[in-house]
Amino acid sequence: MKVLIVEDDRNKLANISGFLRQNIPELILSESYSYQSGLKNIRKEQFDFLILDMSLPNYDINAEESGFKFRHFAGSELLDEMNRYGYIVPTFIVTQFDTFGEGTSQKTLAEIDNELIIKFPNQYFGIIFYSASEEAWKAKLLDSVLKYCKS
């Protein structure tokens, strides 16, 4: 089973991928670090399951690149693009924030969850709240991935 994780926070990414490798060693994990690299991988390869961060830089951040524009709703925008191209893949959002956006476009985690459930009923399967200091996200993520390993 091939899983793509799109996450710009390297510590969070290491925790998620390390946890999955330890508990489901047969997974083939791929990683992307921005909206654009995530979209490129989604269009290039076929994945069985996606784990998306909600907020991402537009491009990978490195010594030569600042990431350009920060996308507050990148996870939702990636789902929009996938839908546009007919890529229907089970997807979870894993985030460590409870609000997104700024000013009048600000949304709560619950508002985003409700929007995504309605907009992408065949591929969006929920939000997992990540906290490096707590363990609850691990059980929810493991249950979610195992459910799709058996499908």
Most mobile of ILE117, ILE93, ILE127 in a GNM of the chain (Cα contacts under 10 Å): ILE117
From phi via Karplus (6.51, -1.76, 1.60), per-residue ³J(HN,Hα) for the range 33-46 in Hz, x at Gly/Pro: 10, 7, 4, 5, 5, x, 4, 4, 5, 4, 7, 8, 10, 9
Under DSSP loop assignment and at most 12 Cβ neighbours within 10 Å, longest GluC sites (Glu not before Pro)-free interval of the chain: 66-101
For ILE128, distant residues with modelled amide H under 5 Å away: ILE93, VAL94, THR95
Environment charge of VAL89, counting only residues whose C-beta is closer than 11 Å and scoring Lys/Arg +1, Asp/Glu -1: -1
Cross-link partners of LYS138 among lysines (Cα-Cα below 21 Å; sequence separation of 8 or more within a chain): LYS2, LYS12, LYS147, LYS150
For the range 120-130, 3J(HN,Hα) per residue [Karplus equation, 6.51 cos²θ - 1.76 cosθ + 1.60, θ = phi - 60°, Hz, x = Gly/Pro]: 10, x, 8, 9, 9, 10, x, 10, 10, 7, 9
For ASP60, distant residues with modelled amide H under 5 Å away: SER37
Shape call, the range 52-131: gyration tensor on alpha carbons, a/c limit 1.5: oblate
Max mean-square fluctuation residue, GNM over the chain, Cα-Cα springs under 10 Å, options TYR130, TYR33, TYR85: TYR85
Backbone HN-Hα couplings from phi across the range 92-98 [Karplus 6.51/-1.76/1.60, Hz, Gly and Pro as x]: 10, 9, 10, 9, 10, 10, 10
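Laboratory data are not the source of any read-out in this text; all were calculated from the coordinates shown. If you're wondering where the values come from, they're calculated on a predicted model, not measured in any experiment. Quick reminder, even Gly has a Cβ in these numbers, built from the backbone with ideal geometry, and neighbours come from all protein chains shown.
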